[in-house]
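S.K.: Okay, handing you the structure first.
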Amino acid sequence: MQKNHVFSIFRRVPSFDVGPFFLIVVAIAFVITTDLRAETVIGEVVRVLDGDTIIVAREQERIVIRLSDIDCPEKDQEFGREAKEAISGFVMHKNVSVLIRGKDRYGRTIGTVYLSGDNINFRMIESGFAWWFYKYSRDELYRDAEILARKQNRGLWLNPSPLPPWEFRKLKTLRKKSNET
């Protein structure tokens, strides 16, 4: 009789499904530890390849950095030269820190570039020399900066309908293929 009494206590304890709760806790822990483990590169910008690609020198190493979340006009595209000049003005020969996000298919290091705490990736969109690269970015702050730059006709948004670089590259590839045949 005593045994039944002990087990009846446990039957009265409210139960809840720990599955979803546990998954949320694990997901939050993953995000926190991922951010804590994110590598940061600190060095001098020694070269600007184009509006969204720079080379940072750290000790004896040179690291090609592709700015995350943005896409700038190509060198041979309208506003390509201006985008390169804009980022050069922001970071050339300056010490920056780069929060590394990973590598792209070309082996370039993808990252967010900071100069004295200022997010240069964001600054490129805000000044009208880059698109929010929504295909690879979920950060809506970049989207909002692009919308504002469009409304204020900054940089490439002086053109009422500029061609996004991903479409420019696609057209260039199609032209090249049609010339080969």
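S.K.: Give the average over all directions of the projected area of the C-alpha convex hull of the range 42-102, one decimal, in nm².
M.R.: Numbers: hull surface 16.2 nm².
If I average the Cα hull's projected area over directions, I get 4.1 nm².
S.K.: I need the peptides 147-153, 41-47, 77-83, 103-109 ranked by packing, meaning the mean over residues of other C-beta atoms within 10 angstrom, with the highest value on top. Let's see the in-between values first.
M.R.: Values: 147-153: 13.9, 41-47: 15.6, 77-83: 19.4, 103-109: 11.6.
Ranked by mean Cβ neighbours within 10 Å, highest first: 77-83, 41-47, 147-153, 103-109.
S.K.: State the answer as a single residue: which of G107, A57, P73 lies farthest towards the positive end of the charge dipole of the range 40-171, with beta carbon charges of +1 for Lys and Arg and -1 for Asp and Glu, about the Cα centre.
M.R.: It is G107.
S.K.: Roughly how big is the range 28-181's charge dipole about its Cα centre, with Cβ charges of +1 (Lys, Arg) and -1 (Asp, Glu), in debye to the nearest 20?
M.R.: Working: 26 positive and 23 negative charges, 105 e Å.
In debye, rounded to 20, the range 28-181 gives about 500.
S.K.: Taking 2.2 N^0.38 Å as the expected size of a compact globular protein, what ratio does the Cα radius of gyration of the range 75-131 give against it, to two decimals?
M.R.: Details: Rg = 12.0 Å, N = 57, 2.2 N^0.38 = 10.2 Å.
With N residues counted in the range 75-131, Rg over 2.2 N^0.38 Å equals 1.17.
S.K.: Based on the Kirkwood radius over alpha-carbon pairs, what is the Stokes-Einstein translational diffusion coefficient of the range 40-171 at 10 °C with 1.306 mPa s viscosity, in µm²/s?
M.R.: Stokes-Einstein gives a translational diffusion coefficient of 109 µm²/s.
S.K.: At 0.36 nm per residue, and after removing the present C-alpha to C-alpha distance, how many nm does the segment from E180 to S88 gain when stretched out fully? Walk me through the numbers on the way to the answer.
M.R.: Details: separation 92, 0.36 × 92 = 33.12 nm, distance 3.59 nm.
Fully extending the segment from E180 to S88 adds 29.5 nm.
S.K.: Place a +1 charge on the Cβ of each Lys and Arg in the range 68-111 and a -1 charge on the Cβ of each Asp and Glu, then give the dipole magnitude about the Cα centre in debye, rounded to the nearest 20.
M.R.: On the way: 8 positive and 8 negative charges, 69 e Å.
The calculation lands at about 340 debye.
S.K.: Peptides 162-173, 87-98, 127-138: what's the order by average Cβ count within 10 Å, highest mean first? If you can, show how the numbers build up before the last one.
M.R.: Values: 162-173: 14.4, 87-98: 17.1, 127-138: 19.1.
So the peptides 162-173, 87-98, 127-138, ranked by packing, come out 127-138, 87-98, 162-173.
S.K.: Related question: May I ask you to compute the full-extension gain from Q60 to Y134, defined as 0.36 nm times their residue separation minus their alpha-carbon distance, rounded to one decimal in nm? Mind showing how you got there, number by number?
M.R.: Details: separation 74, 0.36 × 74 = 26.64 nm, distance 3.44 nm.
Result for the pair: 23.2 nm of gain on full extension.
S.K.: Further question on the same structure: How charged is the neighbourhood of L115? Take every other residue with its Cβ under 9 Å from the Cβ of L115, and add Lys/Arg as +1 and Asp/Glu as -1. Provide the component values of the computation, followed by the final result.
M.R.: Values: positive: K94, R123; negative: D118.
With Lys, Arg at +1 and Asp, Glu at -1, the neighbours total +1.
S.K.: Give me the net charge of K151's neighbourhood, meaning all other residues with Cβ under 14 Å from the Cβ of K151; Lys, Arg count +1, Asp, Glu -1. Can you show the working numbers first?
M.R.: On the way: positive: R143, R150, R154; negative: E126, D144, E146.
Within the 14 Å Cβ shell, the charges total 0.
S.K.: Also, I was wondering about something else. Let me know the number of lysine pairs in the range 25-181 closer than 21 Å at the Cα, not counting same-chain pairs under 8 apart.
M.R.: Lysine pairs meeting the criterion: 12.
S.K.: I would also like to ask the following. What residues have an amide H closer than 5 Å to that of I70, excluding those fewer than 5 places away on the same chain, when H is modeled at 1.01 Å from N in the peptide plane?
M.R.: F133
S.K.: Which distance in nm do the two modelled labels at R105 and T40 give, with both placed 7 Å along the Cα-to-Cβ direction?
M.R.: Inter-label distance under the simple model: 3.2 nm.
FYI, it's all coordinate maths here, none of it is from the lab. These figures come from a predicted structure and were not determined experimentally. Neighbour counts are summed over all protein chains in view; Cβ atoms, including those assigned to glycine, are modelled from backbone coordinates with ideal geometry.
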